[in-house]
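Notes follow the structure.
The values are calculated or read from the model by the stated rules, or taken from the named source; none is laboratory data. The shown structure was predicted, so the numbers you read here are calculated from the model rather than taken from an experiment. Note: ideal-geometry Cβ built from the backbone for every residue, glycine included; neighbour counts use all protein chains shown. We work out accessible area using only protein heavy atoms, side chains counted, and drop any ligands, DNA or RNA first. Shrake-Rupley method; radii C 1.70, N 1.55, O 1.52, S 1.80 Å.
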Amino acid sequence: MNGRLWHGADYNPDQWLDRPDILERDVEMMRKAHVNVVSLGIFAWSTLEPREGDYQLDWMASVIDRLYAAGISVDLATPSGARPAWMAQKYPEVRRVNADRVRQLFGDRQNHCYTSPVYREKVRLMDQTLARRFGRHPGVVMWHISNEFGGECHCALCQQAFRDWLKDRYGSLEGVNRAWNTKFWSHDYTDFAQIESPSPQGEHAMHGLILDWKRFVSHQTTDFMKWERDCIREIVPEAKVCVNMMYRFDGVDYFDMAKEIDLASWDSYPTWHKPTQTLEETAIDTAMMHDLFYSIKGQPFWQMECTPSMTNWQSVSKNKKPGMNIFSGLQAVAHGADGVLYFQWRQSRGAFEKFHGAVVGHDGREDNRVFVETAKLGELLERLAPVAGERKEKQAAIVHDWSNKWAMEEAQGPRNAGLGYWEEITRHYAALARNGIGVDFVNQDSDLSGYKLVVAPMLYMLREDFAEKLRAFAEQGGTLVVTYWSGVVDESDLCYLGDTPHGLIDTLGLRRLEIDGMFDGETRRCVALDPAMPRSAQGGTLCEVAALEGATPLMVYDEDYFKGSPAVAMHEAGAGRAYYLAARFEPDFYKAFYARVCDALLTPAWPKPLPDGVLAVRRGRFTFLENASDVPAQVDEIALAPYETAVFEAGERIL
Ligand code: GAL
């Protein structure tokens, strides 16, 4: 797969079978756009199997052959993301049941039951039919398993699967009762059959149950994906599979899913040019996702979808301005993408996505701006082929753990108005990105070796084994940053008894006394004791009061009953050091804080401070200098137009 960067799009020729002229033209235009791969037939089930058992694959064979003859490879989709009407009618069990226990009608997509044996069997027959016919075609380089896995089903089959999963996890009902603290509100279960998934008419107070349901849904989703993968591999053992994932998606633990696939990919739809964010902020938010999807496998990923122009489902459909498609494509590559693909190649004529941007619009022209810019990016990606496969150096890691997020956001208190877990992560990430530091994401199963800096924001659920890893990391010379609201509960969401942050008191050199929720806009002023810290900062969201047990306060609260307690503290822990942040501060604070933390610890991607809006990113021996702003920028002797990216290989400019 190395040796080139992939450029392409979702391709849905099943919508154009009555227009052979258009299918011919597609291939011609793809070549002009420097397309070398397409994700084929993602929603083509009703064309591939128009009636039960009647498989019609010849049209797809001629498409794959024609693409191959033109040098275009195929990322072949399994069509399980949307099932045909005949199936939904004949086998109601394939349709999902909502949390209110009402079964859905036929319609929409990505709403089938992941447990249903009928659905799994139909998928097996379809996937294996495709694999037998196309699995060894030299043009098929990858399998695109389904589309954007997500959602949950509450049918009787899923309830049973949930109970079986609980039996496996806990061994007995006593184990379940203990883990869920079921004495609360007289919830002891005496029979597994009494356990039901959360529902508006039923359970929504047992946090352990809710957490385990989320874990089960994630597990079942990945299990379904594995089913598809294994069906294909039964026919083609060497088949490579990928899954397209989503922005800040909550429903699946992507670290778990990533273990089961060959290639991670995600669908990237930032709203560039929105009035509420600077371009740099949008770029950083997008970069953060690229880094997450690089991290889940620790290897290059694909940006599987993005729009070359506009989406149609955001509140305002904003066009990418001239240059932005190229900027965002190169940005993906800078952060580890080996593929930049669009949704979609040719704009649909009807239904939900008829106004969604596509490489080829309804006008079918190749002289319009979108097509021309797409072709230009394709050309640049060809020039950047040496970047393909290049890994990123390990510098800093931010802990982002799905179970932690699920548990923390479900908890009642200390701030039901919203904890802003991603907002917290973004502040750390943005400051590191602005300082030119490469960031990976890790979870509580990850190996921390190789990192110099580990940041654990709001690690409310802290497993004993991970607390041990964090302690060892600091003791062996690592730098650790831990925030407020960490080390509160164990992996069953049961509160730790005794002093907290559990497992980290000796490392941080302090213990939590209290935590207070802040209303929106409410803050507590903090002042510096250490000259390298910002002179003052405002703490908000959640403000923690801690007692020092060996740590040095770098900033303290300066008002209310918090006055004098540490807002920022540092503790020498063995050969390393640990920092503690007692509240969420304004974004500028983090830039100064991380400048201090990273100084002499990590080498930034660019040796000198950069002007606002200019970001530097290192990917192995390549450095990308990006002007993420609407105005020209000057970095030493390098002039960058708005949205321009300069690329350097071992210091030599190559783009
Ligand atoms: C994605 C989806 C695509 C298409 C696209 C539109 O979420 O995977 O099939 O619908 O959105 O932006």
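What the table shows:
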read-out: Selection from segment 470-489 of residues that are farther than 21 Å from Glu424 by Cβ and either among the aromatic types (Phe, Trp, Tyr) or open to solvent by 40 Å² or more (accessible area, probe 1.4 Å) (or both); value: Arg471, Glu475, Gln476
read-out: Residues located in segment 147-178, provided they are under 20 Å from Pro92 (Cα atoms) and not hydrophobic (A, V, I, L, M, F, W, C); value: Gly150, Gly151, Glu152, His154, Gln159, Gln160
read-out: One residue from Trp213, Trp227, Trp165, Trp185 being away from the ligand (no atom under 16 Å from the Cβ), more than 17 Å from His112 (Cβ to Cβ), open to solvent by 10 Å² or more (accessible area, probe 1.4 Å) and in contact (Cβ under 8 Å) with a residue 24 or more places away in the chain; value: Trp165
read-out: Options Gly8, Gly41, Gly53: the member that is surrounded by fewer than 13 Cβ atoms within 10 Å (Cβ to Cβ) and either within 16 Å of the ligand (Cβ to nearest atom) or among the small types (Gly, Ala, Ser) (or both); value: Gly53
read-out: Subset tally (residues that are within 16 Å of the ligand (Cβ to nearest atom) and not small (Gly, Ala, Ser)) for segment 232-256; value: 11
read-out: Only one of Ala179, Ala205, Ala193, Ala258 that is under 18 Å from Tyr294 (Cα atoms) and either out of contact with any Leu (no Cβ under 6 Å at 6 or more places or on another chain) or open to solvent by less than 30 Å² (accessible area, probe 1.4 Å) (or both); value: Ala258
read-out: Residue check for Asp499: farther than 30 Å from Pro604 by Cβ and either in a loop (DSSP other than H, G, I, E, B) or modelled with pLDDT under 95 (or both); value: yes
read-out: Pairs where the first residue, in segment 349-370, is within 16 Å of Lys321 (Cα to Cα) and the second is within 15 Å of the ligand (Cβ to nearest atom) and charged (D, E, K, R), C-beta under 6 Å, 6+ apart; value: Ala358/Arg346
read-out: Flag for Gly3 being surrounded by fewer than 24 Cβ atoms within 10 Å (Cβ to Cβ), within 26 Å of Gln331 (Cα to Cα) and modelled with pLDDT under 95; value: yes
read-out: Residue list for segment 264-273, filter: within 16 Å of the ligand (Cβ to nearest atom) and either in contact (Cβ under 8 Å) with a residue 40 or more places away in the chain or exposed (fewer than 15 other Cβ atoms within 10 Å of the Cβ) (or both); value: Ser265, Asp267, Ser268, Tyr269, Pro270, Thr271, Trp272
read-out: Residue list for segment 295-327, filter: in a helix (DSSP H, G or I) and open to solvent by 10 Å² or more (accessible area, probe 1.4 Å); value: Ser295, Ile326
read-out: Pair list, Cβ under 8 Å, 6 or more apart: segment 57-77 residue in a loop (DSSP other than H, G, I, E, B), other residue modelled with pLDDT of 95 or more and among the polar types (S, T, N, Q); value: Leu57/Thr129; Gly71/Asn36; Ile72/Asn36
read-out: Residue selected from segment 573-610 under the condition open to solvent by less than 50 Å² (accessible area, probe 1.4 Å) and part of a loop (DSSP other than H, G, I, E, B), by the criterion nearest to Val631 (Cα to Cα); value: Leu610
read-out: Residue within segment 84-91 that is under 22 Å from Tyr55 (Cα atoms), part of a loop (DSSP other than H, G, I, E, B) and either within 16 Å of the ligand (Cβ to nearest atom) or open to solvent by 40 Å² or more (accessible area, probe 1.4 Å) (or both) present; value: yes
read-out: Answer residue from segment 348-382, given it is open to solvent by less than 30 Å² (accessible area, probe 1.4 Å) and hydrophobic (A, V, I, L, M, F, W, C) and is farthest from the ligand (Cβ to nearest atom) among those; value: Leu380
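Yes or no, residue by residue, for (1) part of a loop (DSSP other than H, G, I, E, B); (2) away from the ligand (no atom under 16 Å from the Cβ); (3) in contact with a Phe, Trp or Tyr (Cβ under 6 Å, 6 or more places away or on another chain); (4) closer than 29 Å to Gln89 by Cβ:
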position: Asp14; (1), (2), (3), (4): no, no, no, yes
position: Asp21; (1), (2), (3), (4): no, yes, no, no
position: Glu28; (1), (2), (3), (4): no, yes, no, no
position: Val35; (1), (2), (3), (4): yes, yes, no, no
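Results for (1) free of Cβ contacts under 8 Å to residues at least 60 places away in the same chain; (2) not in a loop (DSSP other than H, G, I, E, B); (3) not aliphatic (A, V, I, L, M), shown as yes or no for each residue.
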residue	(1), (2), (3)
Ala417	no, no, no
Tyr451	yes, no, yes
Glu468	yes, yes, yes
Arg471	no, yes, yes
